[in-house]
Amino acid sequence: MKLWQLPKSAEIGGKTYPIHTDFREILEIIGYLNDPALPEFVRWRITLALFYEGRISPEHRAEAMDWFSRFLRCGQPDTPRPKLLDWEQDAGAILSGVNAVAGQEVRQLSYVHWWTFLSWFSAIGQGELAVLVSLRDKLSRGQKLEPWEQEFYRQNRSRVDLRPRYTPAEEAERARLNGMLNG
C-alpha cells in the first residue's frame, strides 16, 4: 500500500481486484465483523464479498483478509491496545466530531474514502468523543478520575461503558437468568 495515495484496488495472489472504499461500506463491514451471532468464518466471507469486487479464491483468502486488515488501519502496523471505541455505540460522537473537522455533514457526501474519513476522525480534538475515549482509557488502566470526570461518568455511565456484544444463545441465557432472578 502506498500511503500517499488512496487505494482503489488491491493485488491479491497476483490479480488486481477493485475494492469498495467508501466509509459507509467499511462501517457496514465492521458491523458484520463485530457481530457475535455470526461464526468468524462467516464474518470473514461476508467481509471479502463486500470489500472486493470479484471472487477471491480459497487459497488467497488469508492474503485478502490481511490486506483488508491493513487497509482498515490505513496501512499502519497492528498495535494491540485496549478497545476504547465502538463504531456503533459512539456513532453520534464520531459523526459530530468528523463533521466539525470536515466542515460539513459527511453523510450527505456521495463518496468519502475510508482513509479520508479516518484522517478527519484522527483530527478530532476536544469534544464528546475525546471525553468518552479518555475516560475509557483511564478506567481500563485503573487511573483515578478527576472530580469532573467522576461526575460525568456517574451521569453518563451507559455511554462511557462499552456494551458487550452477545450471541443470540447468550442473550437467551441472560434473559432466562434475569427471569429467574426477577420472577
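The values are calculated or read from the model by the stated rules, or taken from the named source; none is laboratory data. Treat the numbers as computed from the prediction; the structure is a model and nothing was measured. In this analysis, Cβ positions are derived from the backbone assuming ideal geometry, glycine residues included, and neighbour counts consider all displayed protein chains. Please note that ligands, DNA and RNA were not included when accessible areas were found on the heavy atoms of the full protein model with its side chains. Shrake-Rupley method; radii C 1.70, N 1.55, O 1.52, S 1.80 Å.
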Which listed residue, of 21, 16, is modelled with pLDDT of 95 or more and surrounded by 14 or more Cβ atoms within 10 Å (Cβ to Cβ):
21
Here the residues within segment 62-99 that are over 23 Å from residue 137 (Cα atoms) and either touching a strand residue (DSSP E or B) at 6+ places or on another chain (Cβ under 9 Å) or among the polar types (S, T, N, Q) (or both) are 63, 64, 67, 68, 69, 71, 99
Which pairs have Cβ atoms under 9 Å, sit 6 or more apart or on different chains, and link a residue in segment 34-50 that is under 16 Å from residue 60 (Cα atoms) and open to solvent by less than 60 Å² (accessible area, probe 1.4 Å) to one that is of a type in the set (Asp, Glu) and assigned to a helix (DSSP H, G or I)?
none
Restricting to segment 121-140, count the residues that are on the phi < 0 side of the Ramachandran plot, free of Cβ contacts under 8 Å to residues at least 40 places away in the same chain and over 15 Å from the mean Cα position of the chain (by Cα).
11
Pairing a residue in segment 57-76 that is closer than 18 Å to residue 8 by Cβ with any residue that is among the aromatic types (Phe, Trp, Tyr) and part of a helix (DSSP H, G or I), where Cβ atoms lie under 7 Å and the two sit 6 or more apart in sequence or on different chains, gives 68/51; 74/115
Within segment 160-183, how many residues turn out to be surrounded by 13 or more Cβ atoms within 10 Å (Cβ to Cβ) and assigned to a helix (DSSP H, G or I)?
3
Could you please let me know if residue 62 is surrounded by fewer than 13 Cβ atoms within 10 Å (Cβ to Cβ), under 19 Å from residue 116 (Cβ atoms) and of a type in the set (A, V, I, L, M)?
no
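Each row is one residue, and each column tells you yes or no for (1) over 25 Å from residue 19 (Cβ atoms); (2) surrounded by 14 or more Cβ atoms within 10 Å (Cβ to Cβ).
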site	(1), (2)
76	no, no
84	yes, yes
128	yes, yes
133	yes, yes
148	yes, no
151	yes, no
158	yes, no
Are any residues in segment 1-33 among the small types (Gly, Ala, Ser), assigned to a loop (DSSP other than H, G, I, E, B) and touching a residue at least 40 places away in the same chain (Cβ under 8 Å), and if so, which ones?
13
